[in-house]
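Visitor: Here's a structure for you.
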Amino acid sequence: MITKQSLRIFLSTVFFSFFIFLSCDDDNEINDATNPNFSNLITSISSAPGLEFIFEGTISDDNGIENININYDNWYVDKNITFDEPLKEYNLNYKFLVPEEEEPNSSHTIKISATDIAGNITTYDVIVSLDYDTTLPQVAFISPISGSSNTVGDLVELNIAFSDNKVLDSIIVKTESLDYEVKLKMPDNTLNYNFTDSVEIPLTGISGAIEFTATGIDKTGNTTTVYSTILVGEKDEIFNMYAVGTSTWYEWDPSKATEMWKNPDNNDWFVLEFYYTMGNGVKFIGQLDWEPNNWGTDPNDSSKIINSQDSGTIEFPEEGYYHVEFNPYTLEYTYEKMEVDVDVKENMYLMGNGFAGYDLDWNPADAIPMEKDSNGNPYVFTINVEITEDTSLKFIGQTDGWSPFDCGFEVGGETILPVNYIKCKTGDGSQDLKFKNQAGTYTITFDYFLLRATIHQYN
């Protein structure tokens, strides 16, 4: 027989056991309502096609991180980082390469998710903008030109062009040889900057090569440094200069190159006026031969002039007459297209006497007709003619008298052949050239716009 006391004990035992059972079952469940935490996560990244970038940040969770996922379907990214043992903290450092074919300046949203052992999820959007500047600044020496010559006491003119496609941050110009350095911070949003200054070469203690460096730095830190080296020593005076090339009258024959003349305002500059045909460039030589001085364009940079047998031709924008000036000391040249201000002439004649096979003796009616230029320049006439032991010549544009076109020479009189690009002069009373004891066959070429004439022995 069960007593009331025994029943109370039995029921108490059952309830206690049930309570223990429930308590043990609750121990297997995690009561966690806190999501994983991201700290120091960079959510805005600047990159560019073909560049690597890094996801960085710290992920933490008191109960443990079970999984991290990085996802962007457009780039086929679905990276899962799963831990065998949940971590309470994880330092994310994941590299990724932007596809080469991706569009520059486009924007992309990559999702990063962290899941803890309770199933709580935190997701962040990381915006990747492909606007990172990978383009180097452009830096170019306008002067001094590398390879140019200077003497002690000269002022070296610095003219340097800096530019950047985004923002130019700062520039540095220096030469250790002259203890010269300038650093400049650019104003905000600077794209282009032209640096100018002058540096004096001391009268003593400096000779040989002096190297100037110019550095451009953009906002991203991209850096470009270029160099220009000048030579300091005694000035090697250059007295003669000639132009040679397909656009000159004797093309690539250096022995008959076109003579240039010195600028009367600055003897360092030589002048040439000539008719240029497209693709038929010229070079400058310091003698009627290819060596030693042979100036032309740098094969690696056609904007620069070098003195080398490997130099290239100097070309011009379009066909026509040009006024060109060249400084062999600074390796600079300038050009300006000339406006033709004379009417086209259909005929041109030799005037004078002493031409073999002709009865000409200063009578316009007997003037010897010249031929139009075979290269198609309407302002040039030419003729092959035999000169006797005593010959004089001028040019006229008609055979019915001396006017309207009567052209002689600025400096006439007895002359030794050959005559190289001599300056002519129009008008009544202009001087003639006289040749004594130089008989032979010669080619005479005359440009009635430039008023220049050349006489070379006919080959």
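Visitor: Which residues, taken from the range 282-292, are surrounded by fewer than 18 Cβ atoms within 10 Å (Cβ to Cβ) and out of contact with any helix residue (DSSP H, G or I) (no Cβ under 6 Å at 6 or more places or on another chain)?
Guide: The answer is 287, 291, 292.
Visitor: Further question on the same structure: List, please: which pairs have Cβ atoms under 8 Å, are six or more places apart or on different chains, and start with a residue in the range 147-164 that is surrounded by 17 or more Cβ atoms within 10 Å (Cβ to Cβ) and end with one that is among the aromatic types (Phe, Trp, Tyr) and outside any strand (DSSP E or B)?
Guide: 148/329; 149/329; 150/329
Visitor: Of all the residues that make up the range 137-182, how many are in a strand (DSSP E or B) and of a type in the set (Gly, Ala, Ser)?
Guide: Residues meeting the conditions: 6.
Visitor: For the range 321-345, which positions are over 20 Å from residue 297 (Cβ atoms) and part of a strand (DSSP E or B)?
Guide: Initially, the range 321-345 is screened for residues over 20 Å from residue 297 (Cβ atoms), giving 321, 338-345.
Matches in the range 321-345: 321 only.
Visitor: List every residue pair whose Cβ atoms lie under 8 Å apart, where the two residues are 6 or more positions apart in sequence or sit on different chains, the first residue falls within the range 33-60 and is in contact (Cβ under 8 Å) with a residue 24 or more places away in the chain and farther than 15 Å from residue 121 by Cβ, and the second residue, located anywhere, is surrounded by fewer than 13 Cβ atoms within 10 Å (Cβ to Cβ) and of a type in the set (Ser, Thr, Tyr).
Guide: 57/39; 58/39
Visitor: Which one of these is within 22 Å of residue 112 (Cβ to Cβ) and modelled with pLDDT of 50 or more: 68, 30? Show your work before the answer.
Guide: Values: 30 fails: within 22 Å of residue 112 (Cβ to Cβ).
When all the criteria are applied, what remains is 68.
Visitor: Out of 434, 425, which single residue is within 14 Å of residue 353 (Cα to Cα) and in contact with an Asp or Glu (Cβ under 6 Å, 6 or more places away or on another chain)?
Guide: After ruling out the rest, the residue left standing is 434.
Visitor: Can you say whether residue 102 is among the acidic types (Asp, Glu) and more than 30 Å from residue 213 (Cα to Cα), as far as the supplied structure shows?
Guide: Yes, satisfied.
Visitor: Being surrounded by 13 or more Cβ atoms within 10 Å (Cβ to Cβ) and either out of contact with any strand residue (DSSP E or B) (no Cβ under 7 Å at 6 or more places or on another chain) or outside the structural domain of residue 162 (by TED's automatic domain parsing) (or both) narrows it down to one residue among 224, 220, 213; which is it?
Guide: After ruling out the rest, the residue left standing is 220.
Visitor: Give me the pairs, please: first residue somewhere in the range 65-77 and more than 25 Å from residue 100 (Cβ to Cβ), second residue anywhere and part of a strand (DSSP E or B) and of a type in the set (Phe, Trp, Tyr), beta-carbon distance under 6 Å, and either six or more positions apart or on two chains.
Guide: Close Cβ pairs satisfying both conditions: 65/90.
Visitor: Working only within the range 439-456, note down all residues that are crowded, with 21+ Cβ neighbours inside 10 Å, of a type outside the set (D, E, K, R) and in a strand (DSSP E or B).
Guide: Answer for the range 439-456, where residues must be crowded, with 21+ Cβ neighbours inside 10 Å, of a type outside the set (D, E, K, R) and in a strand (DSSP E or B): 442, 444, 446, 453, 454, 455.
Visitor: For the range 383-417, name all the residues that are in a strand (DSSP E or B), loosely packed, with under 15 Cβ neighbours inside 10 Å and of a type in the set (S, T, N, Q).
Guide: Listed by number, the list holds a single entry, 384.
Visitor: Mind listing whichever residues of the range 98-117 are out of contact with any helix residue (DSSP H, G or I) (no Cβ under 9 Å at 6 or more places or on another chain) and either closer than 28 Å to residue 169 by Cα or surrounded by fewer than 18 Cβ atoms within 10 Å (Cβ to Cβ) (or both)?
Guide: 100, 101, 103, 104, 105, 106, 107, 109, 111, 113, 117
Visitor: Look at residue 128 and say whether it is touching a residue at least 12 places away in the same chain (Cβ under 8 Å), under 21 Å from residue 225 (Cα atoms), among the β-branched types (Val, Ile, Thr) and part of a strand (DSSP E or B).
Guide: no
Visitor: Here's a follow-up. Starting from residues that are among the aliphatic types (A, V, I, L, M) and in contact with a Pro (Cβ under 8 Å, 6 or more places away or on another chain), keep the ones in the range 227-247 and report whichever is surrounded by the fewest Cβ atoms within 10 Å (Cβ to Cβ).
Guide: Among those residues, the one meeting the criterion is 238.
Visitor: When residue 176 is evaluated against the numbered criteria (1) under 30 Å from residue 34 (Cα atoms); (2) modelled with pLDDT under 95, which criterion, by number, is the only one it fails?
Guide: (1)
Visitor: Considering each of 363, 420, 459 in turn, give the residue that is modelled with pLDDT of 95 or more, loosely packed, with under 15 Cβ neighbours inside 10 Å and polar (S, T, N, Q).
Guide: Values: 420 fails: loosely packed, with under 15 Cβ neighbours inside 10 Å; 459 fails: modelled with pLDDT of 95 or more.
Result of the check over 363, 420, 459: 363.
The values are calculated or read from the model by the stated rules, or taken from the named source; none is laboratory data. None of these values were measured; they are calculated from a predicted model. Cβ coordinates were reconstructed from backbone atoms using ideal geometry, including for glycine residues, and neighbour counts include every protein chain displayed.
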